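The values are calculated or read from the model by the stated rules, or taken from the named source; none is laboratory data. Nothing here was measured: the structure is a model prediction, and the numbers come from that model. Glycine also receives a Cβ, built like all others from the backbone with ideal geometry; neighbour counts cover every protein chain displayed. What goes into the accessible areas is simple: the full protein's heavy atoms, side chains included, and nothing from ligands, DNA or RNA. Shrake-Rupley method; radii C 1.70, N 1.55, O 1.52, S 1.80 Å.
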Amino acid sequence: MNSSKSLIFLLLVVFSFLGFSQEKQRITVQYSGNTSSSPEIEEGALVFLRDASQQVHFVHKGVNLWCDKAIYYQDQEYIEAFSNVVLKQGDSINMVAKYVEYSGKTELAFAQGDVVLTEPESVLTTDKLYFDRTRQLAYYDTKGKVVKDSSGTITSQIGRYYMNAKKYQFTKNVVLVDPEYTLNTERLDFFPDSGHAHLFGPSTIVGEESKIYTERGFYDTNANVGYFQRNARVDYDNRIIEGDSIYFDRNRSFASASNNITVTDTINNSIVRGHYAEVWRDRDSVFITKRALAITVQEKDSVYLHADTLMVTGKQDNRITRAYYNAKLYKSDLAGKADSIHVNHKTGLTQLINLARYSSTDAFATARKPVLWNLGNQMTGDTIHLISNVETEKLDSLKVFNNAFLVSKDTLSEDGFNQIKGQRLIGLFRDNEIYNVDIIKNAETIRYMRNDTNELIGIQKSKSGSINIQLVDQEIDEVRFINQIDGNIFPEADFPNSSKRLRGFDWRGEERPISVEDLFKDDPPLVLPVIKGLEDYVPPEDFVDESVKERIEEAGKATPNKPNKAARNLPTDNKLPPLKTNQVKKDGTSKTKKKQEGP
C-alpha cells in the first residue's frame, strides 16, 4: 500500500513538473503597462501599451523583447511589437527595429524598419531581417551592411549570419570597404571574430598600390595577408603576377606564386616565367626559379633568357636581370650560354660570366666557359660582354676577355674550322650581324682559303700581335695581321691533322639552342608540388527549409479555423546562379563564363 502511494506521489510530482516546464515555455508578459482588448483586432488578442515608467516587456526561452506597443495573440503565441522594439538574446545578440513579429511556437522573428543587429565583433543594419532562433540564423534579402569594429564595412544584397558559428555568408553585389582597399566579390564567407574572408567567384581587391583578381581566395582582414587561386593575378604598379597559387602580404608589399607563373613588366615590355616566384614591390625585385625564363619583348625579335634562377631588381629606368646556374640566351640570330648572365637594361650591357673560372681543379672549366653564337660564328672566353643599343634594340658591340676564341665551321670540308684566338676580342655589329673583329695580343689563326668558285687554295696558319678581320655575309672577307710574327699557307694534303686545331679549341655547336624549347633540353625533370586547393563554395541553406515548414505547420494545428500567423512574412527563396569564371581568349581579352558549383 505504501508503495502504491509513493508511486502516485511520484507521478503527481512528474506531471506537475512537466506542466510547469511546459508553462514556462510559453511567452511570459513581464510588464504590460496599459492592457486592453479590441474586437477590431481579433477575438482573444490583448493590446499592451507602455506607461510613463517603462516599455512593454516579454520573455520567452531566454529572449527578452521590449516595445512601446504590442498585440499578443495568446492562442497562437504570437506577438506584433511596435515602436522602439528591442530584442535581446543573452549577452551577445541585441536587435532593434521599428516593428517586430515573433512566434513563440516556431521561434521565428521578422523585423522591419531601421533594423540593427549587434554582436560583439560586428553590427548589421538592414531594412528587413528574418531570425530563426532554433537554427540561430539571421537572414536579409533587401540589402544590408555589416560594420566590423571601425576598420571596414561589408554590403551585399543578400546575407546570412550563423550565430553559433559566428559566420556571415554574403551573396550578390558584395563589397568590403577597408581604409586600405576595396574588395568586390560574387560571394563572401566572413568570420568577424578572426577577420577571415573567403572569396568565391570573380573577385577583386583594389588598394592604392595593388590590385588583386581571383576566382577562389582567402583574405585575413586583420593581418592583411591573402591566398588566391583560379586565374589568380596581382597587379603591382608596373608588374602583373599570375599563377596557379598566389600568396600576398599587403604590409610587406610582398607576393609569392607557385606553378605556371608569369610576371609581366608593362614598362620595360618584358615577361618572366617559372614555377616559383617572389615579388617585393618596395625593393622592385623579382626572384623566380623552376624552369625560369625571362623574355624581353622586341618589335621584331624577342630575347629569351633561361637559367635555374632569375632575379630582376631595380626601378624601371635602372633594371638589372641576373640569371645564374646554367644560364642560356636565345634570339633568332644570337645564342649564348654561361654559368651566369647579367643584364643591365639601362646601359644595354649583357655579361656572360664563368663562375668557376677561378678554379684550376674544375674538370668542367673548359666546357663551362661562356660561349656566344652569332649566326655561323662561335665565340668563347672567360667573360663575354655584349652591348646593345637600348633605343634601337640592336646589337652594337662585343667584348671577350681572356682566352678569346672565334670559330666558324668551314662550309665545304667535313671537319674544317676557321679559328682565331687571342687574349681579347672586340667585335662590332651592323644590323645584328658581326662585321668587324679585332683580336688583341697573342693572336693566332687557322683559316681555310677559298677562291671565288669555293675551291680550297690552302690552309693559312699565322701568329701575330693582333688581327683585324672584316666579315661580309658572316664570311671572312679580309684579314689584317698587325705585328705579324710568322705565317704560311699550306696545301691541305701537307697540313697535318694534329695542327688543324689551335690550343684550347672547343667546338660546342651541339650545345647551341636553335629554338626557345632548346633552352630547357638539359634541365632535370620538372616535378611541381601539388597545390592543396581552398575548399569549394558550399551553397547557403534556404531560410525556409523543411524544418521551418514543419514548425509552421505544427504551429497552426492549435487554431485550425484561423489564419496561421506563424506563416506570415516569410522570405521567398533566392536561387543563386552558378558561379562564374573568366576565360582568356586568344586575342588576350577575357570573357565571362558560367561555371557549375563544385571543383
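Data table
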read-out: Karplus (6.51, -1.76, 1.60) ³J(HN,Hα), θ = phi - 60°, over the range 478-484, in Hz, Gly and Pro reported as x; value: 8, 10, 10, 9, 10, 6, 5
read-out: Cα Rg over Rh - the range 208-261, Kirkwood; value: 0.92
read-out: Cross-link reach list, aspartates and glutamates versus LYS562, counting only Cα pairs under 12 Å and skipping chain neighbours closer than eight places; value: GLU42, GLU43, ASP75
read-out: Computed [θ] at 222 nm, deg cm²/dmol, the chain (DSSP H ≥ 4; -39,500 (n - 2.57); rounded to nearest 500); value: -2000 deg cm²/dmol
read-out: Accessible-area composition of the chain, carbon plus sulfur, in percent [1.4 Å probe]; value: 50
read-out: FRET efficiency, PHE191 to GLU553 (Cβ-Cβ, R0 41 Å, nearest 0.05); value: 0.75
read-out: J(HN,Hα) series, the range 516-525, from Karplus relation 6.51 cos²θ - 1.76 cosθ + 1.60, nearest Hz, glycine and proline x; value: 4, 4, 5, 4, 9, 5, 8, 6, x, x
read-out: Leading residue at positive end of dipole, the chain (Cβ point charges), from ILE241, VAL100, THR350; value: VAL100
read-out: Sites GLU510 and GLU209 - FRET efficiency at Förster radius 30 Å, r taken between beta-carbons, to 0.05; value: 0.05
read-out: The chain, dipole about Cα centre (Lys/Arg Cβ +1, Asp/Glu Cβ -1), debye to the nearest 20; value: 640
read-out: Surface/4 estimate of mean projected area, convex hull on alpha-carbon atoms of the range 132-290, nm²; value: 9.6
read-out: Point-charge dipole on Cβ atoms (K/R +1, D/E -1) for the range 463-508, about Cα centre, debye to 20; value: 340
read-out: Extension gain (nm, one decimal) between GLU541 and GLN25, 0.36 nm per residue minus Cα-Cα; value: 183.0 nm
read-out: Spatially proximal lysines relative to LYS463 (Cα-Cα < 26 Å; intrachain offsets below 8 disregarded); value: LYS369, LYS399, LYS409, LYS421, LYS441, LYS500
read-out: Lysines with Cα under 18 Å of LYS143, excluding same-chain neighbours fewer than 8 positions away; value: LYS98, LYS128, LYS167, LYS172, LYS575
read-out: Full-extension gain in nm, ASN402 to ILE320, via 0.36 nm per residue minus C-alpha separation; value: 27.1 nm
read-out: Global geometry of the range 425-527, whether rounded, prolate or oblate, following the gyration tensor of its Cα atoms and the 1.5 cut on a/c; value: prolate
read-out: Overall form of the range 151-205 per C-alpha gyration tensor (a/c, 1.5; a/b vs b/c); value: oblate
read-out: Point-to-point label distance, GLN484-VAL59, nm (Cα→Cβ direction, 7 Å offset); value: 11.9
read-out: Dipole-positive endmost among LEU576, LEU188, ASN497 within the chain (Cβ charges, Cα centre); value: LEU188
read-out: Solvent-accessible heavy-atom area per residue, rounded to whole Å², over the chain at 1.4 Å; value: 50
read-out: Kirkwood-type radius of the chain, with distances r between different C-alpha atoms, in Å; value: 31.1
read-out: For the range 362-477: rounded, prolate or oblate by the Cα gyration tensor [a/c cutoff 1.5]; value: oblate
read-out: Per-selection Rg to Rh, the range 227-366 - Cα, Kirkwood hydrodynamic radius; value: 1.00
read-out: Lys/Arg +1, Asp/Glu -1 at C-beta; the range 40-96 dipole; positive extreme among ILE79, VAL47, GLN89; value: GLN89
read-out: From phi via Karplus (6.51, -1.76, 1.60), per-residue ³J(HN,Hα) for the range 461-475 in Hz, x at Gly/Pro; value: 10, 9, 10, 7, x, 8, 9, 10, 10, 9, 10, 10, 6, 6, 10
